[in-house]
Amino acid sequence: MLNFLSPGNLFVFFNKINKLITKILLPLAIVSLVFSLFLSPPDYIQGDSVRIMYVHVPSSWIALACFSLIGFLTIFNFLFKFKNSILIYKSLAPIGMSFCLISIVTGAIWGQPTWGTFWAWDARLTSMLILLVFYILFIFSYKFIQNQNLSSKICATLAALGIVNIFIVKYSVDFWSTLHQTSSVKILGDTSIDKSMLVPLTLMLLVFLVYCALIFLMKYRAEIIRMKKKGLKRL
Amino acid sequence: MNLSIFTMGGYGLYVWSAFAFTFLVCFFLFLKSRKSLKKLESDFKDEVKKLSAEQVDTLKKGKISKEILTSQSKAK
Amino acid sequence: MLNKKIKNRSLAFTLFFLLSIITIFFSLKVLDDNVLYFLSPTEINDKENINFNKPIRIGGMVKKNSIILNNNEIKFVVTDLKNEIIVSYRGTVPNLFAEGKGVVAEGLLQDKKFFIAKRILAKHDENYMPPKD
(Lines give C-alpha, C1' and ligand atoms only; values in the text may rest on other atoms or scores of the structure.)
Protein backbone atom coordinates (compact mmCIF):
# COMPACT_ATOMS: atom_id res chain seq x y z
CA MET A 1 0.00 0.00 0.00
CA LEU A 2 2.64 2.51 1.05
CA ASN A 3 4.75 1.34 -1.86
CA PHE A 4 2.02 2.30 -4.27
CA LEU A 5 1.87 5.72 -2.64
CA SER A 6 5.53 6.42 -3.31
CA PRO A 7 6.09 9.59 -5.37
CA GLY A 8 7.35 7.58 -8.37
CA ASN A 9 4.33 5.31 -8.70
CA LEU A 10 1.82 8.09 -8.07
CA PHE A 11 3.57 10.26 -10.62
CA VAL A 12 3.33 7.68 -13.39
CA PHE A 13 -0.29 6.91 -12.52
CA PHE A 14 -1.28 10.60 -12.48
CA ASN A 15 0.26 11.18 -15.90
CA LYS A 16 -1.92 8.42 -17.31
CA ILE A 17 -5.20 9.89 -16.10
CA ASN A 18 -4.17 13.45 -17.00
CA LYS A 19 -5.11 12.95 -20.66
CA LEU A 20 -8.57 11.64 -19.83
CA ILE A 21 -9.23 14.62 -17.57
CA THR A 22 -8.28 17.26 -20.12
CA LYS A 23 -10.56 15.57 -22.64
CA ILE A 24 -13.72 15.47 -20.51
CA LEU A 25 -13.41 18.80 -18.67
CA LEU A 26 -14.58 21.16 -21.40
CA PRO A 27 -17.63 19.19 -22.68
CA LEU A 28 -18.70 18.48 -19.11
CA ALA A 29 -18.38 22.16 -18.18
CA ILE A 30 -20.49 23.27 -21.15
CA VAL A 31 -23.24 20.73 -20.43
CA SER A 32 -23.49 21.69 -16.76
CA LEU A 33 -23.41 25.42 -17.51
CA VAL A 34 -26.33 24.98 -19.92
CA PHE A 35 -28.19 23.00 -17.27
CA SER A 36 -27.51 25.42 -14.43
CA LEU A 37 -28.09 28.66 -16.37
CA PHE A 38 -30.90 27.78 -18.76
CA LEU A 39 -32.51 24.36 -18.38
CA SER A 40 -33.09 24.24 -14.63
CA PRO A 41 -36.23 25.92 -13.27
CA PRO A 42 -36.20 29.12 -11.16
CA ASP A 43 -37.00 28.86 -7.47
CA TYR A 44 -40.54 29.48 -6.17
CA ILE A 45 -39.44 32.42 -3.98
CA GLN A 46 -35.93 33.33 -5.06
CA GLY A 47 -36.59 33.26 -8.80
CA ASP A 48 -33.53 33.04 -11.01
CA SER A 49 -31.10 34.15 -8.28
CA VAL A 50 -31.17 30.53 -7.10
CA ARG A 51 -28.77 29.76 -9.98
CA ILE A 52 -25.94 31.23 -7.93
CA MET A 53 -26.35 28.18 -5.70
CA TYR A 54 -24.86 26.01 -8.47
CA VAL A 55 -21.46 27.67 -8.08
CA HIS A 56 -21.71 28.66 -4.41
CA VAL A 57 -22.61 25.32 -2.85
CA PRO A 58 -20.16 23.00 -4.68
CA SER A 59 -17.26 25.43 -4.14
CA SER A 60 -18.05 25.61 -0.41
CA TRP A 61 -18.06 21.81 -0.23
CA ILE A 62 -14.73 21.63 -2.02
CA ALA A 63 -13.20 24.31 0.21
CA LEU A 64 -14.26 22.35 3.31
CA ALA A 65 -13.32 18.91 1.95
CA CYS A 66 -9.97 20.18 0.70
CA PHE A 67 -9.00 21.57 4.09
CA SER A 68 -10.06 18.36 5.82
CA LEU A 69 -7.82 16.39 3.47
CA ILE A 70 -4.93 18.84 3.90
CA GLY A 71 -5.37 18.71 7.66
CA PHE A 72 -5.30 14.93 7.66
CA LEU A 73 -2.20 14.79 5.44
CA THR A 74 -0.36 17.44 7.45
CA ILE A 75 -0.98 15.66 10.71
CA PHE A 76 -0.08 12.33 9.11
CA ASN A 77 3.19 13.84 7.92
CA PHE A 78 3.87 15.40 11.31
CA LEU A 79 3.38 12.07 13.09
CA PHE A 80 5.00 9.63 10.66
CA LYS A 81 7.30 11.90 8.63
CA PHE A 82 5.86 10.60 5.37
CA LYS A 83 7.49 12.95 2.86
CA ASN A 84 5.11 12.38 -0.04
CA SER A 85 2.20 13.84 1.90
CA ILE A 86 4.05 17.20 1.91
CA LEU A 87 4.02 17.22 -1.88
CA ILE A 88 0.31 16.41 -1.90
CA TYR A 89 -0.78 19.04 0.62
CA LYS A 90 1.32 21.70 -1.08
CA SER A 91 -0.48 20.90 -4.34
CA LEU A 92 -3.91 20.93 -2.69
CA ALA A 93 -3.76 24.14 -0.66
CA PRO A 94 -3.97 26.70 -3.53
CA ILE A 95 -6.99 24.85 -4.96
CA GLY A 96 -8.81 24.90 -1.63
CA MET A 97 -8.02 28.56 -1.11
CA SER A 98 -9.39 29.51 -4.54
CA PHE A 99 -12.64 27.67 -3.91
CA CYS A 100 -12.95 29.20 -0.44
CA LEU A 101 -12.62 32.64 -2.06
CA ILE A 102 -15.18 31.72 -4.74
CA SER A 103 -17.57 30.49 -2.06
CA ILE A 104 -17.34 33.72 -0.05
CA VAL A 105 -17.62 36.09 -3.04
CA THR A 106 -20.49 34.24 -4.75
CA GLY A 107 -22.21 34.00 -1.37
CA ALA A 108 -21.96 37.78 -1.00
CA ILE A 109 -23.33 38.27 -4.52
CA TRP A 110 -26.19 35.91 -3.67
CA GLY A 111 -26.84 37.62 -0.33
CA GLN A 112 -27.52 41.04 -1.80
CA PRO A 113 -30.69 40.19 -3.78
CA THR A 114 -32.03 37.59 -1.32
CA TRP A 115 -31.16 38.75 2.21
CA GLY A 116 -30.70 42.41 1.34
CA THR A 117 -27.05 42.61 2.37
CA PHE A 118 -23.68 41.51 1.00
CA TRP A 119 -22.22 40.55 4.31
CA ALA A 120 -23.40 39.71 7.82
CA TRP A 121 -21.21 38.83 10.76
CA ASP A 122 -23.12 35.69 11.60
CA ALA A 123 -21.45 32.47 12.74
CA ARG A 124 -21.43 30.74 9.33
CA LEU A 125 -20.04 33.62 7.30
CA THR A 126 -17.46 34.56 9.90
CA SER A 127 -16.17 31.00 10.34
CA MET A 128 -15.90 30.68 6.54
CA LEU A 129 -13.78 33.85 6.49
CA ILE A 130 -11.61 32.34 9.23
CA LEU A 131 -11.19 29.27 7.01
CA LEU A 132 -9.85 31.54 4.25
CA VAL A 133 -7.40 33.06 6.74
CA PHE A 134 -6.28 29.53 7.71
CA TYR A 135 -5.68 28.70 4.05
CA ILE A 136 -3.57 31.85 3.59
CA LEU A 137 -1.55 31.25 6.78
CA PHE A 138 -1.04 27.62 5.78
CA ILE A 139 0.27 28.54 2.33
CA PHE A 140 2.55 31.21 3.78
CA SER A 141 3.98 28.84 6.33
CA TYR A 142 5.20 26.32 3.78
CA LYS A 143 6.20 28.90 1.19
CA PHE A 144 8.22 31.31 3.29
CA ILE A 145 9.60 29.14 6.10
CA GLN A 146 12.70 27.51 4.68
CA ASN A 147 13.39 25.23 7.64
CA GLN A 148 11.51 22.04 6.71
CA ASN A 149 11.17 20.84 10.28
CA LEU A 150 9.80 24.10 11.61
CA SER A 151 7.46 24.56 8.66
CA SER A 152 5.91 21.11 9.09
CA LYS A 153 5.37 21.83 12.78
CA ILE A 154 3.62 25.12 12.07
CA CYS A 155 1.55 23.48 9.33
CA ALA A 156 0.44 20.75 11.75
CA THR A 157 -0.58 23.37 14.33
CA LEU A 158 -2.59 25.29 11.74
CA ALA A 159 -4.15 22.05 10.49
CA ALA A 160 -5.29 21.05 13.99
CA LEU A 161 -6.87 24.45 14.67
CA GLY A 162 -8.30 24.56 11.14
CA ILE A 163 -10.02 21.21 11.56
CA VAL A 164 -11.78 22.46 14.69
CA ASN A 165 -12.88 25.44 12.59
CA ILE A 166 -14.20 23.08 9.88
CA PHE A 167 -16.59 21.58 12.42
CA ILE A 168 -17.65 25.06 13.50
CA VAL A 169 -18.38 25.98 9.86
CA LYS A 170 -20.35 22.78 9.37
CA TYR A 171 -22.50 23.00 12.49
CA SER A 172 -22.66 26.80 12.96
CA VAL A 173 -26.09 26.97 11.32
CA ASP A 174 -27.48 24.36 13.74
CA PHE A 175 -25.87 25.62 16.95
CA TRP A 176 -26.55 29.33 16.70
CA SER A 177 -29.09 31.62 15.12
CA THR A 178 -27.58 32.76 11.84
CA LEU A 179 -28.76 34.70 8.81
CA HIS A 180 -27.47 31.83 6.68
CA GLN A 181 -30.01 29.07 6.15
CA THR A 182 -29.36 25.51 7.36
CA SER A 183 -27.98 22.84 5.04
CA SER A 184 -30.26 21.59 2.30
CA VAL A 185 -28.32 18.51 1.30
CA LYS A 186 -27.81 16.02 4.08
CA ILE A 187 -25.86 12.81 3.94
CA LEU A 188 -28.37 11.21 6.31
CA GLY A 189 -31.97 12.19 5.88
CA ASP A 190 -33.98 14.08 3.33
CA THR A 191 -32.64 16.62 0.89
CA SER A 192 -34.76 19.73 0.65
CA ILE A 193 -33.77 20.61 -2.92
CA ASP A 194 -36.07 19.62 -5.75
CA LYS A 195 -34.76 16.91 -8.09
CA SER A 196 -34.76 19.25 -11.09
CA MET A 197 -32.29 21.47 -9.21
CA LEU A 198 -30.16 18.60 -7.95
CA VAL A 199 -29.16 17.72 -11.53
CA PRO A 200 -27.22 20.96 -12.25
CA LEU A 201 -25.87 20.96 -8.68
CA THR A 202 -24.38 17.49 -9.08
CA LEU A 203 -23.08 18.29 -12.56
CA MET A 204 -21.41 21.47 -11.30
CA LEU A 205 -19.82 19.56 -8.43
CA LEU A 206 -18.49 17.05 -10.95
CA VAL A 207 -17.03 19.82 -13.13
CA PHE A 208 -15.33 21.41 -10.14
CA LEU A 209 -13.92 18.07 -9.01
CA VAL A 210 -12.51 17.32 -12.47
CA TYR A 211 -11.05 20.83 -12.61
CA CYS A 212 -9.50 20.31 -9.15
CA ALA A 213 -7.94 17.08 -10.39
CA LEU A 214 -6.49 18.90 -13.40
CA ILE A 215 -4.92 21.65 -11.28
CA PHE A 216 -3.78 19.14 -8.67
CA LEU A 217 -1.96 17.10 -11.33
CA MET A 218 -0.15 20.18 -12.64
CA LYS A 219 0.80 21.31 -9.15
CA TYR A 220 1.90 17.84 -8.11
CA ARG A 221 4.02 17.50 -11.24
CA ALA A 222 5.62 20.87 -10.52
CA GLU A 223 6.40 19.80 -6.93
CA ILE A 224 7.95 16.53 -8.14
CA ILE A 225 10.14 18.30 -10.70
CA ARG A 226 11.22 20.79 -8.03
CA MET A 227 12.22 17.89 -5.81
CA LYS A 228 14.09 16.10 -8.63
CA LYS A 229 15.91 19.31 -9.55
CA LYS A 230 17.43 19.40 -6.11
CA GLY A 231 18.45 15.77 -6.66
CA LEU A 232 20.27 16.62 -9.90
CA LYS A 233 22.94 18.55 -8.04
CA ARG A 234 23.83 15.45 -6.10
CA LEU A 235 24.52 13.34 -9.21
CA MET B 1 -34.39 38.32 -29.68
CA ASN B 2 -35.44 36.94 -26.36
CA LEU B 3 -33.54 38.83 -23.68
CA SER B 4 -35.21 37.15 -20.71
CA ILE B 5 -32.53 34.46 -20.46
CA PHE B 6 -29.93 37.20 -19.91
CA THR B 7 -31.87 39.42 -17.53
CA MET B 8 -33.06 36.43 -15.46
CA GLY B 9 -36.05 38.24 -14.08
CA GLY B 10 -33.97 41.12 -12.72
CA TYR B 11 -31.34 38.91 -11.13
CA GLY B 12 -29.16 38.79 -14.28
CA LEU B 13 -26.43 41.06 -12.96
CA TYR B 14 -25.99 38.96 -9.81
CA VAL B 15 -26.15 35.58 -11.52
CA TRP B 16 -23.80 36.48 -14.35
CA SER B 17 -21.27 38.21 -12.10
CA ALA B 18 -21.19 35.20 -9.75
CA PHE B 19 -20.54 32.83 -12.65
CA ALA B 20 -18.01 35.21 -14.22
CA PHE B 21 -16.10 35.55 -10.94
CA THR B 22 -15.96 31.77 -10.54
CA PHE B 23 -14.71 31.36 -14.10
CA LEU B 24 -12.06 34.10 -13.70
CA VAL B 25 -10.64 32.63 -10.50
CA CYS B 26 -10.52 29.13 -12.01
CA PHE B 27 -8.94 30.41 -15.21
CA PHE B 28 -6.36 32.47 -13.32
CA LEU B 29 -5.38 29.50 -11.14
CA PHE B 30 -5.10 27.34 -14.28
CA LEU B 31 -2.84 29.84 -16.08
CA LYS B 32 -0.66 30.39 -13.03
CA SER B 33 -0.18 26.66 -12.41
CA ARG B 34 0.57 26.01 -16.07
CA LYS B 35 3.10 28.85 -16.26
CA SER B 36 5.05 27.71 -13.22
CA LEU B 37 4.96 24.10 -14.43
CA LYS B 38 6.28 25.03 -17.90
CA LYS B 39 9.08 27.07 -16.34
CA LEU B 40 10.10 24.25 -14.03
CA GLU B 41 10.05 21.74 -16.88
CA SER B 42 12.30 23.82 -19.11
CA ASP B 43 14.66 24.61 -16.22
CA PHE B 44 14.90 20.91 -15.49
CA LYS B 45 15.71 20.16 -19.12
CA ASP B 46 18.39 22.84 -19.23
CA GLU B 47 20.07 21.41 -16.18
CA VAL B 48 20.00 17.90 -17.62
CA LYS B 49 21.75 19.23 -20.75
CA LYS B 50 24.68 20.33 -18.63
CA LEU B 51 25.19 16.82 -17.30
CA SER B 52 27.59 14.29 -18.83
CA ALA B 53 26.27 11.30 -20.83
CA GLU B 54 27.04 8.98 -17.96
CA GLN B 55 25.04 11.03 -15.50
CA VAL B 56 22.09 11.19 -17.90
CA ASP B 57 22.08 7.41 -18.12
CA THR B 58 21.84 7.00 -14.35
CA LEU B 59 19.15 9.66 -14.29
CA LYS B 60 17.05 7.83 -16.88
CA LYS B 61 16.98 4.73 -14.71
CA GLY B 62 14.67 6.56 -12.31
CA LYS B 63 10.99 6.27 -13.20
CA ILE B 64 10.12 9.90 -12.48
CA SER B 65 13.02 11.55 -14.28
CA LYS B 66 12.42 9.42 -17.35
CA GLU B 67 8.76 10.36 -17.39
CA ILE B 68 9.54 14.07 -17.05
CA LEU B 69 12.03 13.99 -19.91
CA THR B 70 9.92 11.94 -22.33
CA SER B 71 6.63 13.76 -21.79
CA GLN B 72 8.46 17.06 -22.08
CA SER B 73 9.85 16.16 -25.52
CA LYS B 74 6.40 14.99 -26.66
CA ALA B 75 4.84 18.28 -25.70
CA LYS B 76 7.26 20.31 -27.82
CA MET C 1 6.47 -0.52 14.27
CA LEU C 2 5.46 2.40 16.47
CA ASN C 3 8.76 3.69 17.65
CA LYS C 4 9.25 6.02 20.52
CA LYS C 5 9.52 9.22 18.49
CA ILE C 6 6.20 8.64 16.76
CA LYS C 7 4.58 7.82 20.10
CA ASN C 8 5.86 11.07 21.60
CA ARG C 9 4.68 13.11 18.66
CA SER C 10 1.24 11.49 18.70
CA LEU C 11 0.92 12.20 22.39
CA ALA C 12 1.99 15.83 21.97
CA PHE C 13 -0.38 16.27 19.06
CA THR C 14 -3.40 14.71 20.78
CA LEU C 15 -2.78 16.88 23.82
CA PHE C 16 -2.53 20.00 21.69
CA PHE C 17 -5.65 19.08 19.72
CA LEU C 18 -7.74 18.48 22.84
CA LEU C 19 -6.46 21.69 24.41
CA SER C 20 -7.37 23.73 21.36
CA ILE C 21 -10.87 22.20 21.25
CA ILE C 22 -11.40 23.07 24.92
CA THR C 23 -10.06 26.61 24.49
CA ILE C 24 -12.22 27.28 21.45
CA PHE C 25 -15.26 25.76 23.15
CA PHE C 26 -14.92 28.02 26.17
CA SER C 27 -14.16 31.16 24.19
CA LEU C 28 -17.31 30.54 22.16
CA LYS C 29 -19.21 30.01 25.39
CA VAL C 30 -17.98 33.37 26.70
CA LEU C 31 -18.84 35.06 23.42
CA ASP C 32 -22.24 33.32 23.41
CA ASP C 33 -24.41 36.39 22.97
CA ASN C 34 -22.18 37.79 20.25
CA VAL C 35 -22.10 34.55 18.30
CA LEU C 36 -25.88 34.65 18.02
CA TYR C 37 -26.74 36.77 15.02
CA PHE C 38 -30.21 37.62 16.30
CA LEU C 39 -32.50 37.01 19.27
CA SER C 40 -35.94 35.49 19.00
CA PRO C 41 -38.97 37.20 20.63
CA THR C 42 -38.93 34.55 23.38
CA GLU C 43 -35.27 35.22 24.14
CA ILE C 44 -36.05 38.95 24.36
CA ASN C 45 -39.00 38.20 26.65
CA ASP C 46 -36.91 36.03 29.00
CA LYS C 47 -33.92 38.34 29.04
CA GLU C 48 -33.38 40.54 32.07
CA ASN C 49 -31.57 43.91 32.10
CA ILE C 50 -31.89 44.74 28.41
CA ASN C 51 -29.95 47.78 27.27
CA PHE C 52 -32.51 49.75 25.28
CA ASN C 53 -29.92 52.14 23.82
CA LYS C 54 -27.80 49.47 22.18
CA PRO C 55 -28.79 48.42 18.64
CA ILE C 56 -29.68 44.73 18.47
CA ARG C 57 -31.08 42.27 15.96
CA ILE C 58 -34.27 40.32 16.38
CA GLY C 59 -35.43 37.54 14.11
CA GLY C 60 -38.32 35.23 13.51
CA MET C 61 -41.22 34.74 11.17
CA VAL C 62 -43.38 37.52 9.78
CA LYS C 63 -46.83 36.76 11.15
CA LYS C 64 -49.50 36.11 8.52
CA ASN C 65 -51.82 39.06 7.79
CA SER C 66 -49.82 41.34 10.08
CA ILE C 67 -48.17 43.65 7.52
CA ILE C 68 -49.63 47.15 7.56
CA LEU C 69 -48.41 49.62 4.95
CA ASN C 70 -48.89 53.29 5.82
CA ASN C 71 -47.22 55.87 3.56
CA ASN C 72 -43.52 55.22 4.07
CA GLU C 73 -43.92 53.20 7.19
CA ILE C 74 -44.29 49.46 7.30
CA LYS C 75 -45.48 47.69 10.44
CA PHE C 76 -45.49 43.96 10.99
CA VAL C 77 -45.33 41.36 13.75
CA VAL C 78 -42.30 39.10 14.25
CA THR C 79 -43.22 35.83 15.88
CA ASP C 80 -41.54 32.61 16.98
CA LEU C 81 -44.98 31.07 17.60
CA LYS C 82 -44.64 31.68 21.36
CA ASN C 83 -44.00 35.40 21.71
CA GLU C 84 -44.46 38.34 19.38
CA ILE C 85 -42.83 41.71 18.79
CA ILE C 86 -44.27 44.54 16.72
CA VAL C 87 -41.72 46.03 14.33
CA SER C 88 -41.93 49.44 12.71
CA TYR C 89 -39.70 50.35 9.77
CA ARG C 90 -39.28 53.16 7.22
CA GLY C 91 -37.68 52.29 3.91
CA THR C 92 -37.58 49.58 1.28
CA VAL C 93 -37.66 45.91 2.22
CA PRO C 94 -35.72 43.14 0.42
CA ASN C 95 -37.46 41.25 -2.39
CA LEU C 96 -37.81 38.13 -0.32
CA PHE C 97 -39.57 39.87 2.56
CA ALA C 98 -43.04 38.30 2.79
CA GLU C 99 -45.65 37.05 5.22
CA GLY C 100 -44.88 33.63 6.64
CA LYS C 101 -41.18 33.95 5.77
CA GLY C 102 -38.14 34.53 7.96
CA VAL C 103 -36.94 38.03 8.77
CA VAL C 104 -34.12 39.68 10.71
CA ALA C 105 -34.56 43.28 11.89
CA GLU C 106 -31.73 45.52 13.06
CA GLY C 107 -32.52 48.49 15.28
CA LEU C 108 -33.56 49.62 18.75
CA LEU C 109 -35.90 47.94 21.16
CA GLN C 110 -38.39 50.41 22.66
CA ASP C 111 -39.90 47.97 25.10
CA LYS C 112 -40.23 44.19 25.12
CA LYS C 113 -43.04 44.27 22.59
CA PHE C 114 -42.10 47.15 20.31
CA PHE C 115 -39.09 47.49 18.04
CA ILE C 116 -38.02 50.28 15.66
CA ALA C 117 -35.93 48.84 12.83
CA LYS C 118 -33.13 50.63 10.98
CA ARG C 119 -32.63 47.77 8.55
CA ILE C 120 -34.59 44.74 7.44
CA LEU C 121 -32.96 41.54 6.16
CA ALA C 122 -34.82 38.61 4.70
CA LYS C 123 -33.91 35.16 5.97
CA HIS C 124 -34.81 32.32 3.68
CA ASP C 125 -35.16 28.65 4.46
CA GLU C 126 -33.29 25.66 3.04
CA ASN C 127 -36.07 24.55 0.70
CA TYR C 128 -35.57 24.94 -3.03
CA MET C 129 -38.19 23.99 -5.59
CA PRO C 130 -39.60 25.18 -8.89
CA PRO C 131 -42.75 27.34 -8.78
CA LYS C 132 -46.04 25.45 -8.86
CA ASP C 133 -48.47 26.69 -11.46
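Kindly provide the set of residues from segment A:8-20 that are crowded, with 16+ Cβ neighbours inside 10 Å and under 19 Å from residue B:27 (Cα atoms), ordered by number. Within segment A:8-20, just A:18 meets the criteria. Restricting the first member to segment A:34-57 and to residues that are more than 7 Å from every other protein chain (Cβ to nearest Cβ) and under 20 Å from residue A:211 (Cα atoms), and the second to residues that are open to solvent by 30 Å² or more (accessible area, probe 1.4 Å) and part of a helix (DSSP H, G or I), the beta-carbon pairs closer than 7 Å and six or more apart or on different chains are A:35/A:199; A:35/A:203. For segment A:102-133, name all the residues that are at the interface with chain C (Cβ under 9 Å from one of its Cβ atoms), open to solvent by 20 Å² or more (accessible area, probe 1.4 Å) and not in a helix (DSSP H, G or I). Hits for segment A:102-133 are A:116, A:121.
The test for being within 14 Å of chain C (Cβ to nearest Cβ), under 30 Å from residue A:11 (Cα atoms) and open to solvent by 10 Å² or more (accessible area, probe 1.4 Å) does not hold for residue A:62.
Checking every residue in segment A:160-169 against the condition of being modelled with pLDDT of 90 or more and either within 30 Å of residue A:35 (Cα to Cα) or outside any helix (DSSP H, G or I) (or both) gives at least one match.
Given the criteria free of Cβ contacts under 8 Å to residues at least 60 places away in the same chain, aliphatic (A, V, I, L, M) and on the phi < 0 side of the Ramachandran plot, does residue A:79 qualify?
Yes.
The one condition from (1) more than 27 Å from residue A:121 (Cα to Cα); (2) at pLDDT below 85; (3) open to solvent by 100 Å² or more (accessible area, probe 1.4 Å); (4) assigned to a helix (DSSP H, G or I) that residue C:11 does not meet is (2). For segment C:36-55: of the residues being within 10 Å of chain A (Cβ to nearest Cβ) and touching a residue at least 12 places away in the same chain (Cβ under 8 Å), which is farthest from residue C:81 (Cα to Cα)? Across segment C:36-55, the extreme among qualifying residues is C:37. Filtering segment A:71-95 down to residues that are within 11 Å of another protein chain (Cβ to nearest Cβ), of a type outside the set (A, V, I, L, M, F, W, C) and assigned to a helix (DSSP H, G or I), which residue is most open to solvent (accessible area, probe 1.4 Å)? The extreme case among them is A:94. Only one of the numbered conditions (1) open to solvent by 30 Å² or more (accessible area, probe 1.4 Å); (2) more than 18 Å from residue A:99 (Cβ to Cβ) is not met by residue A:141, and that is (1).
The single condition among (1) assigned by TED's automatic domain parsing to the domain that holds residue C:98; (2) part of a helix (DSSP H, G or I); (3) free of Cβ contacts under 8 Å to residues at least 40 places away in the same chain that residue C:75 does not meet is (2). Among residues of segment C:19-35 that are at the interface with chain A (Cβ under 10 Å from one of its Cβ atoms) and farther than 18 Å from residue A:124 by Cβ, those with a Cβ under 7 angstrom from a residue that is surrounded by 10 or more Cβ atoms within 10 Å (Cβ to Cβ) and modelled with pLDDT of 85 or more, sequence gap 6+ or separate chain, pair up as C:20/A:160; C:20/A:161; C:20/A:164; C:21/A:164.
When segment C:25-56 is filtered for residues that are open to solvent by less than 40 Å² (accessible area, probe 1.4 Å) and assigned to a helix (DSSP H, G or I), the ones remaining, listed by number, are C:35, C:41, C:42, C:44.
Of all residues in segment C:88-104, those that are more than 7 Å from every other protein chain (Cβ to nearest Cβ) have Cβ atoms under 7 Å from Cβ atoms of residues that are of a type in the set (A, V, I, L, M, F, W, C) and in a loop (DSSP other than H, G, I, E, B), 6 or more apart or on another chain, in C:99/C:67; C:103/C:97. Restricting the search to helices (runs of 4 or more DSSP H) fully inside chain B and requiring at least 1 residues that are modelled with pLDDT of 90 or more, within 19 Å of residue A:29 (Cβ to Cβ) and open to solvent by less than 50 Å² (accessible area, probe 1.4 Å) gives B:12-50. Every condition in (1) open to solvent by less than 60 Å² (accessible area, probe 1.4 Å); (2) away from every other protein chain (no Cβ under 12 Å); (3) touching a residue at least 60 places away in the same chain (Cβ under 8 Å) is met by residue A:99 except one, and the failing one is (2).
Among (1) part of a helix (DSSP H, G or I); (2) closer than 30 Å to residue B:50 by Cα, there is one condition residue A:136 misses while meeting the rest; what is its number? Going through the list (1) part of a helix (DSSP H, G or I); (2) closer than 30 Å to residue B:50 by Cα, residue A:136 breaks only (2). Annotation: of all residues in segment C:107-119 being free of Cβ contacts under 8 Å to residues at least 40 places away in the same chain and within 14 Å of another protein chain (Cβ to nearest Cβ), the one that is least open to solvent (accessible area, probe 1.4 Å) is C:117.
The values are calculated or read from the model by the stated rules, or taken from the named source; none is laboratory data. Worth saying up front: this structure is predicted, and the values here are computed from it rather than measured. Don't worry about glycine lacking a Cβ; one is built from the backbone with ideal geometry, like all the others, and counts go over all protein chains shown. Note: areas computed on protein heavy atoms with side chains; ligands, DNA, RNA excluded. Shrake-Rupley method; radii C 1.70, N 1.55, O 1.52, S 1.80 Å.
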